[in-house]
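Worksheet: one structure, shown below.
The values are calculated or read from the model by the stated rules, or taken from the named source; none is laboratory data. This one's a predicted model, so the numbers in the text were calculated from it and none came from an experiment. Glycine gets a Cβ as well: all are built from the backbone with ideal geometry, and neighbour counts include every protein chain shown.
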């Protein structure tokens, strides 16, 4: 069949045998059937035939895929942190609840909510904490997973619920996304409202270690008083 093909020329397909005829044909060249008017379609010329391209994924579909994949990874990570650590014992839970109740009573409603309703407390390090390591501490927080690990010294070194509340208030700042310096500064400024004051606790280990860390990070907070070396808060 010697036909001239032009790009995107109109063709007419036989409904009986399926042969594609020229647009001007009135009868099928194979079976002789009458070609129905209006059954025209576009056929690309051989030299213009290109492999079909896969439709590009839309922006929102790609966004949904990214968000879904990220959430799946975070969920697996979160579960792994729980599976590689231990929960609190009943007596440990009792001390934590008492400290959180004190935080709430002293007006720190947001922090108390995070600690009571959002936080998962653990008593041993998960794999992430073991990988990163940590200096001697009473607790460690895994943000944004809202997991707080309480080490044995948290339950033995503080002298009462108020000192444990001070430690948890510090960790609550981490739960909100604050870094170490911001959490240290916020806790020191809030100590009087919490009832954790120098006249009662200046001889304790928790007070001494916290005061030294805070003074090293924020010396301007200890330049008050007649001699210029007293705590400004």
Residue set 24, 72; condition under 36 Å from the mean Cα position of the chain (by Cα) and at pLDDT 50 or above; output residue 72
Checking residue 68 against (1) in contact with a strand residue (DSSP E or B) (Cβ under 8 Å, 6 or more places away or on another chain); (2) part of a helix (DSSP H, G or I), which test does it fail? (1)
Going by what's in this entry, would residue 108 be described as touching a residue at least 40 places away in the same chain (Cβ under 8 Å), assigned by TED's automatic domain parsing to the domain that holds residue 145 and in contact with a helix residue (DSSP H, G or I) (Cβ under 8 Å, 6 or more places away or on another chain)? yes
Looking at segment 138-158, which of its residues are surrounded by 15 or more Cβ atoms within 10 Å (Cβ to Cβ) and more than 22 Å from residue 80 (Cβ to Cβ)? 138, 153, 154, 155, 157, 158
For residue 226, are the conditions met, namely being outside any helix (DSSP H, G or I) and either touching a residue at least 12 places away in the same chain (Cβ under 8 Å) or not assigned by TED's automatic domain parsing to the domain that holds residue 108 (or both)? yes
Return the pair list, or none, for Cβ contacts closer than 6 Å from residues in segment 118-144 that are under 16 Å from residue 155 (Cα atoms) to residues that are surrounded by fewer than 15 Cβ atoms within 10 Å (Cβ to Cβ), at least 6 apart or on different chains. 123/86; 124/86; 140/134
What do you reckon, is residue 161 more than 27 Å from residue 90 (Cα to Cα), touching a helix residue (DSSP H, G or I) at 6+ places or on another chain (Cβ under 8 Å) and surrounded by 13 or more Cβ atoms within 10 Å (Cβ to Cβ)? no
Could you run through segment 154-195 and say how many residues are part of a loop (DSSP other than H, G, I, E, B), farther than 20 Å from residue 117 by Cα and either within 33 Å of the chain's Cα centre (by Cα) or without any contact (Cβ under 8 Å) to a residue 24 or more places away in the chain (or both)? 4
